[in-house]
1. Select from region 199-250 those GluC sites (Glu not before Pro) which occupy a DSSP coil region and have at most 11 other Cβ atoms within 10 Å, ordered by residue number.
2. What Kirkwood hydrodynamic radius do you get for region 283-381 when you take the inverse of the mean 1/r over all pairs of distinct Cα atoms, in Å?
3. For an R0 of 56 angstrom, estimate the FRET efficiency from the Cβ-Cβ distance between Ala398 and Arg248 and round to the nearest 0.05.
4. For a label point 7 angstrom out from the Cα of Asp387 toward its Cβ, which stretches of region 339-371 have the backbone nitrogen within less than 15 Å?
5. Label Glu230 and Asp170 with points 7 Å out from Cα along Cα→Cβ: what is the distance between them in nm?
6. I want the antiparallel fraction of DSSP beta bridges within the chain, as a percent rounded to 5.
7. Can you give the FRET efficiency to the nearest 0.05 for Ala434 and Lys72, using r as the Cβ-Cβ distance and R₀ = 25 Å?
8. Determine ³J(HN,Hα), in whole Hz, for all residues of region 321-329 in sequence, where each value follows from phi through the Karplus function 6.51 cos²θ - 1.76 cosθ + 1.60 and θ = phi - 60°; x replaces Gly and Pro.
Amino acid sequence: MNSAAEPSPKRVAIVGAGPSGFYTADQLLGAGFEVDLLDALPTPFGLVRAGVAPDHPKIKAVTRVYEKTAAKPGFRFFGGVRLGEHVSRAELLERYHAVVYAVGTSDDNRLGIPGEDRPGSHAATHFVAWYNGHPDAHDHEYDLSVQRAVVIGNGNVAIDVARMLVLHPDELSPTDTADHAIEVLAESQITEVVLLGRRGPAQAAFTNPELRELADLQRAGVEVDVSDLELDEHSAQWLETEADITARKNVEILRDYAASGPKDATHRIVLRFLRSPVEILGEGDDGPVTGVKIVKNRIEPTEGGGLRAAATGETEVIECGLVLRSIGYRGRPVDDIPFDERRGLIRNQGGRVCDEEGRPHQGEYVVGWIKRGPSGVIGTNKKDATDTVARILEDAGAGTLNAPVQPDAAATAELYAERAPDAVTWQGWQAIDAAEKASGEPHGRPRVKIVRLADLVSASRPTAAGR
């Protein structure tokens, strides 16, 4: 679609400035649309800023791609504008030809077992937000005066959390870990982290690089019991005939760890498989965590041809003082957007928001984790965005986009400024970015994150009145 052919280009609001939001924005800008990118935080980049482990700076370098998108004509950023608080779904549809929801899946799944809410039992998402300097998490507190922590989950976030708990202070100091977290982690007494997976090593959801890099930790070794790697017949057959290369390589890496044994180190990460938590233990009904009761599992085939973990009844207790659960995420309902409570996602078909009967809502779309579920790596969102943008272009060609009654761009910016006086523009974010980098430079760090909302807004103000 060529914007030069129309006196008034079609305008799109994208709600959520993470990877999927930026990939969608880039493709829509290239197709001739004008794009307003909204985010609840004053800062862009979503989980790249607030989710990627601080000791993975190469992954965070993807923000350079997003900065090029933001420099394109027709792009505007409104940080600190919350859907459902500062602006409603209906008001967005009054002002844009299309609205794309890219809000992610911010809630963690729960274990649903006794003791889950004891002091010392936390969602890994909250811990990740805390050490990454998310404004909503800067005042969280974690007792790291214990010797053993248990991380429940077998994905990359679980590995990130385990690794962060055993990093040497010298490994943390050159990163953009939030200052408050660096101080607490430096004084941590944790020397062992047990990583629990309910299924076997063949089904672990780690990516190969994440699993392999555990061998490079400065002061921590990796321990894997060779008996945990004896695959049952169902897993062995699946691994040989159906599994992708990632699963096969994971098993190889784990076998190498088991064969070499843990290196001589002061700290260790212990990977245990076929174990599920059944209770978080502690003194009394609400005393702090003292351990996790776990049950051993076996792999069984399902009627649908898949594999599942089934409890054997054999239990044991792992003594610990900290539990972090990392068993997946789900979205939360926003405003009155159609929501599938069972899946924890915005109801959609191929990226078009729809009702329970599958009828599409004119001009409303969804992209990223809130569309398909929390899966894949950052780059996966680029293809996902391509799929959603294809639907938008199809509808534009068919003349079935939304017909806004108040499409004026200047009036929309005035509305956001009135409703959210602390809103931050892209120039405001650039001022925040410059301030953080300037604070980090004397210490050889990429940045020192500003972690309080009021301070972020203050840092944005030298140029926030711009575009």
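1. Glu230, Glu242
2. 17.5 Å
3. Between Ala398 and Arg248 the formula returns 0.80.
4. 345-354, 365-371
5. Here the answer is 4.1 nm between the modelled labels.
6. DSSP beta bridges in the chain are roughly 40 percent antiparallel.
7. Efficiency, from the Cβ-Cβ distance: 0.75.
8. x, 8, 10, 10, 9, 9, 10, x, 10
Readers should treat all values here as calculations from the given coordinates under stated rules, not as data from a laboratory. Only a predicted model underlies this, so the values are computations on that prediction, with no experimental measurement involved. Every residue, glycine among them, receives a Cβ derived from its backbone with ideal geometry; neighbour counts consider all protein chains shown.
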